[in-house]
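The values are calculated or read from the model by the stated rules, or taken from the named source; none is laboratory data. Predicted model only: the values in this text are computed from it and were never measured. Here Cβ is always computed from backbone atoms with ideal geometry, including for glycine, and neighbour counts include all displayed protein chains. Just so you know, the surface numbers come from the protein's heavy atoms only, side chains and all, with ligands and any DNA or RNA stripped out. Shrake-Rupley method; radii C 1.70, N 1.55, O 1.52, S 1.80 Å.
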Amino acid sequence: MRAATGSLSTAAVTRMEADLAWFRELGAEERSWVGMIVQAGVQGFVDWFADGGGADPADQEVVVQVFGAAPRTMAGAVDLHQTVDLIKTHHRRGRAQRPACSSSPT
């Protein structure tokens, strides 16, 4: 699964570009920030999975790991509704990719 981290992140961003018109309208810098958050989220999931899935997802450390990747100025570029869209799109993409990753060693 660790080997698939980059391709999962890329696939999620590609899906966002295809599905979310407002995402396509973001500037390159803002899309890059979103990509960093997606990559941190995928890496956090892989780490959680490798550790047996026992960590509490509401744990502050998890939140900081994922959203700490974003610069503060991103808060003005992406609103709450858009953030929820990003999470849903990323989650759907991850679920779609899960069968391909589950056969790969971690």
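Sorted by accessible area (1.4 Å probe), largest first, how do ARG15, ARG2 line up? Numbers along the way, then the final one.
On the way: ARG15 80, ARG2 110 Å².
Result, largest first: ARG2, ARG15.
Packing, taken as the mean count of other beta carbons within 10 Å per residue, orders the peptides 5-12, 28-35 from highest to lowest as 5-12, 28-35.
Once both labels are positioned 7 Å from their Cα atoms along Cα-to-Cβ, the gap between ALA77 and ASP19 label points is 2.1 nm.
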